[in-house]
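Take a look at the structure set out below.
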Amino acid sequence: MTIALTSATGKLGGAVLNAILENKLIDPRELVVCTSSDPSDSHFDGLRSQSITLRHANFDDPSSLTRAYAGCSKLFLVSTPRTEMDYNDAPLWQGREKHHRAAIDAALEAGVQHIYYTSLGFANPSKAGVMRAHIRTEAYLHDLEKEGKVRITIIREGLYNESWPLYFGYYFGLKDETRREVVVAGDGPVSWTSIPDMAFGTAKVLAAPSEAWSGKTFYLSQKKTWTLHDIARIVSKVRGEEIGLKVVGRKEYEEFYAQKGTERASVEWWSSSYDALEDGECAIDDSTVEDLLKEAGKRPKPLEETIEEMLK
């Protein structure tokens with residue numbers, strides 16, 4: 001078994017690679033790290049020293065993907081972060097799913113037998129625009145599976161603990177924020193889950209025999225939920241001052257942040273996420289990640305800890 005890993009320098013992909021290596025789940029000689037950067041860069045010396053193969057792979061150059069996946073029996077496909085491809089209601093195969101399909105088609109051409117895809121912790125179907133490219137990719141993979149062309153595993157990675165500022169009114173200034181009130185377009189329970197916890201669960205899935213997870217779609221989200229009102233309370237406690245949450249309609253939200261300088265197409269694409277939160281799409285009742293952590297004597301990291309670390 002040789003497994004090609006995409007986005008291994010990104011937040012989730014990098015954490016999955018770390019989890020594989022730290023827990024000795026897969027022999028490093030069976031790992032092929034695919035990067036859009038120059039594989040010979042000294043940045044990768046640490047991986048090379050562990051006998052990990054590095055190959056160039058660029059979503060915009062399909063032939064590079066086929067070469068990168070050559071000789072691999074599995075592909076771990078992390079969704080592309082190029083969210084701008086999704087803006088303005090991108091038609092089918094013009095959103096991020098265009099990159100995902102390029103990788104999937106290249107994997108088939110290279111003879112890959114099992115594709116593990118990182119989807120997102122919303123429902124399917126979903127009200128969230130952020131989920132659209134994932135839903136299209138999931139559908140394409142299911143069609144290929146039905147045709148007997150490849151084994152698939154859909155991993156709906158939960159909403160990152162570390163991403164709370166995005167949902168909490170673009171609260172990216174963190175400890176330098178001066179706002180006493182945060183404007184959002186809705187609220188609802190979210191099964192926030194830390195990147196290291198999700199990465200550990202994902203690494204365990206990748207390391208297992210193909211048949212253990214083939215044909216399955218599941219969430220890697222802890223069951224406990226927190227709302228944006230809970231986040232306002234936690235932020236207030238950490239900062240030692242009252243931070244309010246103001247819930248407004250989507251149009252008012254879009255206008256508010258567009259006037260503050262956030263790209264309008266981005267805000268309009270993002271605002272539908274709040275409709276999904278209101279519908280409870282992100283309150284996940286799936287014990288998979290908790291079970292995998294428990295087997296290893298671990299417990300999910302609470303959102304409070306992540307917020308405190310990020311604000312201090």
Relative contact order as a percentage, the stretch 68-122, C-alpha pairs under 8 Å and 6+ apart, gives 56
Assertion target for S64, S163, ordered by fewest C-beta neighbours within 10 angstrom first, is S163, S64
extent check for the stretch 63-159: Cα max minus min per principal axis, descending, whole Å, gives 38, 24, 23
If every Lys and Arg gets +1 and every Asp and Glu gets -1 at its Cβ, then about the Cα centre the stretch 1-116 yields a dipole, in debye to the nearest 20, of 280
Ordered by fewest other Cβ atoms within 10 Å, a rough proxy for footprinting exposure, R132, R179 read R179, R132
For 42-48, 277-283, ranked highest to lowest by mean beta-carbon neighbours within 10 Å, the order is 277-283, 42-48
Reduced to Cα centres, the span from the stretch 1-22 to the stretch 60-120 in Å works out to 16
The set of residues whose placed amide H lies less than 5 Å from the amide H of S194, leaving out same-chain residues fewer than 5 positions away, is N161, K301
The aspartates and glutamates whose Cα lies under 18 Å from the Cα of K98, excluding any fewer than 8 residues away in the same chain, are D60, D61, E84, D86, D89, E109, E138, D143
Quick calc, the chain, dipole around Cα centre from Cβ unit charges on Lys, Arg (+) and Asp, Glu (-), nearest 20 debye, gives 440
With only helices counted (DSSP H, runs n ≥ 4, each -39500 (n - 2.57)), the per-residue ellipticity at 222 nm for the chain, to the nearest 500, works out to -12000 deg cm²/dmol
Ranked on Cβ counts within 10 Å of their own Cβ, fewest leading, R156, R299, R136 go R299, R136, R156
For R239 and K223, extending 7 Å from Cα along the Cα-Cβ vector and measuring point to point gives, in nm, a value of 3.4
For K294, counting only lysines whose alpha-carbon sits under 28 Å away and dropping same-chain residues fewer than eight positions off, the answer is K11, K24, K74, K204, K216, K223, K224
Plugging the Cβ-Cβ distance of R180 and K251 into 1/(1 + (r/R0)^6) at R0 = 22 Å yields, to the nearest 0.05, a FRET efficiency of 0.40
Under 5 Å from the placed amide H of T2, counting only residues 5+ away or on other chains, we find S73, K74
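Read-outs: derived from the displayed coordinates by stated rules, not from any lab. Just so we're clear, the structure is a prediction, and the values are computed from it rather than from any experiment. FYI the Cβ positions are ideal-geometry reconstructions off the backbone, even for glycines, and counts take in every protein chain you see.
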